[in-house]
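Where a number appears in this text, it was derived from the coordinates with a stated rule and is not lab data. This structure is a prediction, so every number in the text was calculated from the model and none was measured. Here the Cβ is made from the backbone with ideal geometry for all residues, glycine too, and neighbour counts use every protein chain on show.
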Amino acid sequence: MHEWSLAQAIVESITEAVNKKNSKRVKSLEVEIGSLAMLDKDIIVEAIKILSEGTKLEGAEIKVHEEETKFRCKKCGKIWSFSEVKEELEKNWEDTKIKDEYGTQDLSIHYFPELVFTMMSCPSCGSKDFEILGSKEITIRNVVIEV
Ligand SMILES: [Zn+2]
C-alpha cells in the first residue's frame, strides 16, 4: 500500500537525521498529509509505529494532520480546493486504470499527485496552468528529540 512506502520514507529520513545528531530518541513527530493524496491517516500512524520498532523512533508520539490541498490558477488567480473537484475527478479515474497480466493497476492521484495536472483544469477559466498550494503528499512538520 502507498501509505507504507511513505511511512517508510519518513522513518528513514528521521532516523538518519537523529543518528547524525547523535540524539537518544524521538519523543514525538508530526506529519501533515495533503488531502490530494487521499491517504489513510490511521494506516500512516500504524505503519510508522511498526516500521520504527527497534529504531530511535520507537515509542514516539505520532500526530498526523490532514490539510486540504488547494490550487491556484496562474492565469486568472482563482483558488479552489481539492474537495470541490474531487467528485468530478473520480468519474474520470476509470480511464486511468491500466489492465495487464497482473490485473488492474490503479494509476490514481493517490499514487501520482502530479496526475491532477492532466485531469483537472481551472473551474473558473478552464486553464491548465495552475499550481498546488501546500503539501502534495506528506510532509514532516515537527520532530521533538531527546538529546
Ligand atoms: Zn483560471
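I'm checking my understanding of the structure. Among residues of the range 21-38 that are within 13 Å of the chain's Cα centre (by Cα) and buried (at least 21 other Cβ atoms within 10 Å of the Cβ), which one is nearest to the ligand (Cβ to nearest atom)? Here the answer is Leu36. On the stretch given as the range 13-45, residues that are in a helix (DSSP H, G or I) and under 30 Å from Phe71 (Cβ atoms) total 10.
Please go through the range 39-50 and pick out each residue that is surrounded by fewer than 19 Cβ atoms within 10 Å (Cβ to Cβ) and in contact (Cβ under 8 Å) with a residue 24 or more places away in the chain. Spell out how you get there, then give the answer.
So in the range 39-50, the residues surrounded by fewer than 19 Cβ atoms within 10 Å (Cβ to Cβ) come out as 40-43, 45-46, 49-50.
Asp40, Lys41, Ile43, listed by residue number.
Among the residues of the range 66-85, is any assigned to a helix (DSSP H, G or I) and surrounded by 13 or more Cβ atoms within 10 Å (Cβ to Cβ)?
Step one: filter the range 66-85 for residues assigned to a helix (DSSP H, G or I), giving 82-85.
From the residues that got through so far, the ones that are surrounded by 13 or more Cβ atoms within 10 Å (Cβ to Cβ) too are 82, 85.
Taking every residue of the range 66-85 in turn, at least one turns out to be assigned to a helix (DSSP H, G or I) and surrounded by 13 or more Cβ atoms within 10 Å (Cβ to Cβ).
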